[in-house]
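Structure first, then comments.
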Amino acid sequence: MLDTLHTLIFPADAAAALEAARVLRGGGLVAFPTETVYGLGADAANAEAVARLYRAKGRPSFNPLIAHVADLNAARAFGRFTADAERLADAFWPGPLTLLLPKTDGCAVVDLATAGLDSIALRVPGHHFAQVLLRAFGGAVVAPSANRSGHVSPTTAGHVAADLADRIDLIVDGGPVAVGIESTIVSFLGEPTLLRPGGIARNEIERVLGRRLADCAATNESAPPAPGMLASHYAPRTRLRIDAASVDPGEALLAFGATRVQGSPLATLNLSPSGNLEEAAANLFGYLRILDQSGATSIAAAPVPHHDLGEAINDRLRRAAAPRPPLDPEAS
Ligand code: TXA
Ligand code: MG
C-alpha cells in the first residue's frame, strides 16, 4: 500500500531547511536540491523512513542508497577511508563525487539503505541548501535521485512534483540544478574503480590519484557492481536511439554542437549549440523530459564526444536507449 500525502512545496531558504530537518526527524520524505540532481531524502538511521522511500520511488530494495553527510569528518563515522579515498575527498568534497567504502563498525545507517551490503556510498553535496539542511539535521540523509525508479532524474522541482507529488511530504525548490547529471561514483572496495561516470570527469580524478581508475565493466562482466547500474535506466517513455546521423519522419532530435543531422525532425533541442559538455550535462535530463512530451515516435540523439563530461552524458544516453524490462505497475 502506498501512503497518499499532500506534498508541500517550499522555496529553498533557511526556514525550509529547518522545516525539512523537522520532517526528516519525524521519519518523513523530503525532496531537496543538490548540485547534481534533486534528491529524495530520508533519515538514514530510520528503517521505517527508508522503507517508505523505497516505496515512494518504486525502487527495488536490492538497490542501495547514497548516504549524504555535511563533511569529511562526519563521513568518517560511516565509511573506512583509505589514503586514496581521503585524497579524493579533500580534492572534491563538497562536490559531485560519491565514495564507496567499507562500512565502519558503528555505521548508523540501517541495513535496508545499504541493501544488506558491508559497504556504504558516501557523498558530501556542494549545494548550499543541501549543506544547510545536513547541518540542521545533524545525521546522515540517504537520498537517491527524486524520480520514480527507472525514470529520468529530476533537475527541477517541477520534475520532482511530476514524478512524486502525493507520495512524499515536502519538496524544496532551489531552481534548476547546476551540474545536471548524478555524482561520479568511485569504489575503494578493491583497487580504485569508476562505478558510475558523473559530474566529475574521470581525468580529474585520475590526476589527483596519480593513477588510472579501473573500469567496472573490466573488473566485473556479469553482475553490475553497483546494483543500480542496470542497463536500462534514466529512461524517457519515448524510445531513444543514440549516435543518430539522420532523423526519420515523426522523430524528435536531441542535437549537440554544430553537428549536421539529415532529415526534418518534429522537434529539436540542442544540448549545447556551442559544443560545451558542461552545458550539455545541465540540459540533458530536462531536454529528454521535454522531447518525451513532444508526441514524436522516437527521439534521435546526435553523437556526443566521449571526453570529460561526455563520458557521463553518453553513459546516461546509452542507458536511456537500452531495451526496457516490462514495466513494473508500481514504478510506471
Ligand atoms: O548525484 C547523486 O549521486 C544523486 C544526488 C541526489 O546525490 N543521487 C543518486 O542516487 O544518484 P541514486 O540512488 O539514484 O544512485 C545511487 C547509485 C546506485 O546505482 C546504487 O546502486 C549505487 O549508487 N550504490 C549505492 N550504495 C552502494 C553500495 N553499497 N554498493 C554499490 N553500489 C551502491
Ligand atoms: Mg537515480
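The values are calculated or read from the model by the stated rules, or taken from the named source; none is laboratory data. Please read all numbers here as calculations on a predicted model, not as lab measurements. Cβ atoms come from the backbone with ideal geometry, glycine included; neighbour counts cover every protein chain shown. Keep in mind that these areas ignore ligands, DNA and RNA; they rest on the heavy atoms of the full protein, side chains included. Shrake-Rupley method; radii C 1.70, N 1.55, O 1.52, S 1.80 Å.
A few points about this structure:
- Every condition in (1) assigned to a loop (DSSP other than H, G, I, E, B); (2) open to solvent by 50 Å² or more (accessible area, probe 1.4 Å); (3) touching a strand residue (DSSP E or B) at 6+ places or on another chain (Cβ under 6 Å) is met by V37 except one, and the failing one is (2).
- Residue ID - nearest to ligand 1 (Cβ to nearest atom), chosen from residues in the stretch 121-165 that are assigned to a loop (DSSP other than H, G, I, E, B), among the aliphatic types (A, V, I, L, M) and under 24 Å from A14 (Cβ atoms): A143
- Residue in the stretch 214-223 that is closer than 28 Å to I299 by Cα, within 16 Å of ligand 1 (Cβ to nearest atom), open to solvent by 60 Å² or more (accessible area, probe 1.4 Å) and at pLDDT below 95 present: yes
- When the residues of the stretch 259-280 are filtered to those that are aliphatic (A, V, I, L, M) and in a loop (DSSP other than H, G, I, E, B), the one that is most open to solvent (accessible area, probe 1.4 Å) is L266.
- Some residue of the stretch 176-199 being in contact (Cβ under 8 Å) with a residue 24 or more places away in the chain, of a type in the set (A, V, I, L, M) and away from ligand 1 (no atom under 13 Å from the Cβ): no
- Of residues in the stretch 108-133 being open to solvent by 10 Å² or more (accessible area, probe 1.4 Å) and within 16 Å of ligand 2 (Cβ to nearest atom), the one modelled with the lowest pLDDT: A115
- Those residues of the stretch 152-194 which are farther than 23 Å from R87 by Cβ and of a type in the set (S, T, Y), in sequence order: S153, T155, T156
- Those residues of the stretch 297-324 which are assigned to a loop (DSSP other than H, G, I, E, B), of a type in the set (G, A, S) and surrounded by 20 or more Cβ atoms within 10 Å (Cβ to Cβ), in sequence order: A302
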